[in-house]
Amino acid sequence: MTLRLVQIAMNAQDDSALGRFWAEALGWGSSVEVPGVVTNLEPEGLAYPDPAVVYIDVITVPEPKTVKNRVHLDLATTSPAHHAELVARLQDLGATPADVGQGDVPWTVLADPDGNEFCVAEPREDYRDTGPIAAIVADCMDPRAMARFWDQAMDWTLHEVTDDHAVLRSGQGVGPYLRLVRTPDVKTVKNRVHLDLRPYPGGDRAVEVARVRALGAADIDLGQGDDVPWTCLVDPEGNEFDILAPA
């Protein structure tokens, strides 16, 4: 058995407010999982979990955002006109321009109302069939090492790896990419966006946790307690992720 990436968890000062922004940004529906704590975002007409989608859980936390996120979303566009229209629409929804040192690039960097950075990508051939979320982009110090870990940890296919970046995608060739990008920045605080993975039906969470520990993952205590149906871990560079119960 193995793991599949099913969703990202995004911290917020107010899960319902940020959930509304991202639901409108992506054209998705939203539902309240725990009032005042967790808002679930999902596209209409698909049964969770679907390999064509990485879903979003928005979770209220007391800590404010203090540094640039190490994990962010890239949104897909189909033409220069669509790119301009989407940027304008997102700003109408409450997004603001963000400067993360990107310089003169063909994509647009914005921040959502909670300050989380994201990019509106220029039209790209490899993003033509991803859906609205083109990629989940994660900063890392060693893309080759991180690619080895994630390639073995879950059932996504490694498409490309260099000293500067690595690219993975669902083994079924659908949905967004996971892009691991070299950055000089050192992780200093808990990530406000992290990956959630699930075993396939019939899998065993404890077995998968032991397997990824052997690959280089380690346990982390985020105050989750012992009675939650997930296990909190960090990858070899200290980035948090959760293994959920099979579904």
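The values are calculated or read from the model by the stated rules, or taken from the named source; none is laboratory data. Computed from a predicted structure; not experimentally measured. Neighbour counts run over all protein chains shown; Cβ positions are idealised from the backbone, glycine included. Heavy atoms of the whole protein, side chains included, go into the accessibility calculation; ligands, DNA and RNA do not. Shrake-Rupley method; radii C 1.70, N 1.55, O 1.52, S 1.80 Å.
Of note:
- Some residue of the range 167-183 being hydroxyl-bearing (Ser, Thr, Tyr), over 19 Å from Asp74 (Cβ atoms), in contact (Cβ under 8 Å) with a residue 40 or more places away in the chain and in a loop (DSSP other than H, G, I, E, B): no
Let's see how each residue does on (1) part of a helix (DSSP H, G or I); (2) out of contact with any helix residue (DSSP H, G or I) (no Cβ under 8 Å at 6 or more places or on another chain):
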site	(1), (2)
Asn191	no, yes
Leu197	no, no
Val207	yes, yes
Val212	yes, no
Cys232	no, yes
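- Given (1) touching a residue at least 24 places away in the same chain (Cβ under 8 Å); (2) over 15 Å from the mean Cα position of the chain (by Cα); (3) over 16 Å from Trp230 (Cβ atoms), number of the condition Val32 does not satisfy: (1)
- Selection within the range 22-43 - aliphatic (A, V, I, L, M) and part of a helix (DSSP H, G or I): Ala23, Ala25, Leu26
- Filter result for Leu197 (surrounded by 15 or more Cβ atoms within 10 Å (Cβ to Cβ), closer than 15 Å to Asp242 by Cβ and in contact (Cβ under 8 Å) with a residue 40 or more places away in the chain): yes
- Condition met for Ala166 (farther than 26 Å from Ala52 by Cβ, modelled with pLDDT of 95 or more and either open to solvent by less than 40 Å² (accessible area, probe 1.4 Å) or in contact with a Cys (Cβ under 7 Å, 6 or more places away or on another chain) (or both)): no
- With respect to the conditions (1) touching a residue at least 40 places away in the same chain (Cβ under 8 Å); (2) out of contact with any helix residue (DSSP H, G or I) (no Cβ under 9 Å at 6 or more places or on another chain); (3) within 29 Å of Val207 (Cβ to Cβ), Leu3 lacks only one, and its number is (2).
- Taking the range 44-97 as the range and being β-branched (Val, Ile, Thr), outside any loop (DSSP other than H, G, I, E, B), open to solvent by less than 50 Å² (accessible area, probe 1.4 Å) and within 25 Å of Arg124 (Cα to Cα) as the test, the residues that pass are Ile56, Val71, Val87.
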